[in-house]
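The values are calculated or read from the model by the stated rules, or taken from the named source; none is laboratory data. Keep in mind the model is a prediction, meaning the values are calculated, not measured. Cβ: placed from backbone, ideal geometry, glycine included. Neighbour counts: every protein chain shown.
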């Protein structure tokens, strides 16, 4: 009889603040990709067991004995807490409850950074000009339920993905209108981080602040409703909200490139920007990305791309079992 450990697939999962994206990895190929709503399950174990039952891998030789997951939150020890969802868990206890021999936990944008060099070029939308310098650092950020930030650093024969919480740096503003919005946000939040505006909830925060500046009672809108109205140009304040969002994201992306020396390019992930399509391409993003005074020419030479690949973090997770990088491996 074959050893079940030798034939069992590996489980990979990208756990965001809204959705949990699962897949099985077998022979280097992904299969049985399923997206579950985090709110439908009390914890990670329940969501995982539901997924395994759904794809027929709940028991026997088809049940995974190794797993790698990416979590939207800091990875600082055995207890993992998500920033924008209620789930928290002990990595060691989760490994035991699910019967895994090996359990790897990464930050979600660390996993996405591991995928950057493998993304199909036809699934990347270039914004502006610039040419990547081979072998140089790469920057990564992306607004979704929160704001993920990472990078990819070359170190000899390997590339090391960064694990950090750059989405929580203090928001940078550039003009009087943005300063006025920042003032409104300071009335609500003790610290106005970049994530307070560069995320799904951040779109709503921006819209509410702009309405307050205009003396208008804001409608109760969801992030998709704001972006839809902006795309249709059916709401002046929604369009201003999205344009300011893109401007602030450009400033954030330029700051990250300068910090990392990322002349290898800057990549935009997350769920919001790809949905904007042509509106993002024509937005102030690229102008603000390059608006760095004496370093404008430096930024102008750096390409920026929007990631259009579906479930791109799973590409990185597939390599977490063999490639180096920051992670927690449960005992």
Given (1) without any contact (Cβ under 8 Å) to a residue 12 or more places away in the chain; (2) part of a loop (DSSP other than H, G, I, E, B); (3) out of contact with any strand residue (DSSP E or B) (no Cβ under 9 Å at 6 or more places or on another chain), number of the condition residue 310 does not satisfy: (3)
Residue count, region 35-57 (criterion: out of contact with any strand residue (DSSP E or B) (no Cβ under 8 Å at 6 or more places or on another chain) and within 18 Å of residue 9 (Cβ to Cβ)): 3
Search result, residues across region 12-29 that are under 18 Å from residue 323 (Cβ atoms) and touching a residue at least 60 places away in the same chain (Cβ under 8 Å): 12, 13, 14, 23, 25, 28
Scope region 97-112; condition closer than 20 Å to residue 306 by Cα and either touching a helix residue (DSSP H, G or I) at 6+ places or on another chain (Cβ under 7 Å) or surrounded by fewer than 23 Cβ atoms within 10 Å (Cβ to Cβ) (or both); matching residues: 108, 111, 112
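Would you kindly identify the helices (runs of 4 or more DSSP H) lying entirely within region 1-117 that contain at least 2 residues that are modelled with pLDDT of 90 or more? Steps first, answer last, please.
Values: elements: 4-7, 44-54, 91-98, 108-115.
It comes to 44-54, 91-98, 108-115.
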Test: residue in region 145-167 that is within 20 Å of residue 242 (Cα to Cα) and either surrounded by fewer than 21 Cβ atoms within 10 Å (Cβ to Cβ) or out of contact with any helix residue (DSSP H, G or I) (no Cβ under 6 Å at 6 or more places or on another chain) (or both): no
Matching residues in region 154-174 - criterion: being part of a loop (DSSP other than H, G, I, E, B) and in contact with a strand residue (DSSP E or B) (Cβ under 9 Å, 6 or more places away or on another chain): 162, 163, 164, 165, 169, 171
Extreme residue, farthest from residue 200 (Cα to Cα), among residues of region 241-258 that are buried (at least 24 other Cβ atoms within 10 Å of the Cβ) and touching a strand residue (DSSP E or B) at 6+ places or on another chain (Cβ under 6 Å): 257
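Taking residue 132 as the residue in question, decide whether it is surrounded by 14 or more Cβ atoms within 10 Å (Cβ to Cβ), assigned by TED's automatic domain parsing to the domain that holds residue 247 and part of a helix (DSSP H, G or I).
Details: surrounded by 14 or more Cβ atoms within 10 Å (Cβ to Cβ): yes; assigned by TED's automatic domain parsing to the domain that holds residue 247: yes; part of a helix (DSSP H, G or I): no.
No, not satisfied.
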Flag for residue 140 being crowded, with 22+ Cβ neighbours inside 10 Å, assigned to a helix (DSSP H, G or I) and touching a strand residue (DSSP E or B) at 6+ places or on another chain (Cβ under 8 Å): no
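Can you tell which of 131, 101 is touching a residue at least 12 places away in the same chain (Cβ under 8 Å) and closer than 23 Å to residue 50 by Cα? If you could, list the steps in order and put the result at the bottom.
Working: 131 fails: closer than 23 Å to residue 50 by Cα.
Checking each option against the conditions leaves just 101.
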Matching residues in region 275-288 - criterion: being out of contact with any strand residue (DSSP E or B) (no Cβ under 6 Å at 6 or more places or on another chain) and surrounded by 17 or more Cβ atoms within 10 Å (Cβ to Cβ): 276, 279, 280, 283, 284, 285, 288
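Among the residues of region 273-291, is there at least one that is assigned to a loop (DSSP other than H, G, I, E, B), in contact with a helix residue (DSSP H, G or I) (Cβ under 6 Å, 6 or more places away or on another chain) and over 30 Å from residue 100 (Cα atoms)? I'd like the intermediate steps shown before the answer.
So the first thing to find is which residues in region 273-291 are assigned to a loop (DSSP other than H, G, I, E, B), and the list is 277, 282-284, 291.
Then keep just the ones that are in contact with a helix residue (DSSP H, G or I) (Cβ under 6 Å, 6 or more places away or on another chain); that gives 283-284.
Remaining after also requiring over 30 Å from residue 100 (Cα atoms): 283-284.
Checked region 273-291: at least one residue is assigned to a loop (DSSP other than H, G, I, E, B), in contact with a helix residue (DSSP H, G or I) (Cβ under 6 Å, 6 or more places away or on another chain) and over 30 Å from residue 100 (Cα atoms).
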